[in-house]
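Trainee: Provided herewith is a single structure, encoded as structure tokens, for subsequent inquiry.
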Amino acid sequence: DPDELTFDESGESELAEVFDRLHGGESINVVVDCHRIERCCSSGIAFFIKLQKNAQRHGGLVAFCNVSPHLCEVFEMLHLNTLWRTCGSLDEALAVVEDASPS
């Protein structure tokens, strides 16, 4: 269901690739476009926190964009909005991480 972020075995390899890029230094910043996510299960929240910690460990940051009002509310209730930037558009999120990248 594209309206609810869940993780299963088929998504594990994609997630592993994201973390490999962070650990390998290929990428330090991550943009998460939530345009198709209305709700998020606990494993999705755990993934976002793990993603943030890994990016931060490597000197990067995570920016979210196109976050639904419901998901924004969840982030705020859990105080997750203090861990990462939430932007209104993909362009804004890309600009945030580009501005944070070392020159």
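Since every read-out is calculated from the coordinates, none of them should be taken as a lab result. Note that the structure is a prediction, hence the values are computed from the model and not measured.
Trainee: Equivalent ellipsoid semi-axes for the range 26-103, as square roots of 5 times the alpha carbon gyration tensor eigenvalues: give them largest first, rounded to whole Å.
Mentor: Here the semi-axes work out to 20, 15, 10 Å.
Trainee: Taking H placed 1.01 Å from N in the peptide plane, check which residues at least 5 places from Val31 or on another chain put their amide H under 5 Å from its amide H.
Mentor: Ala63
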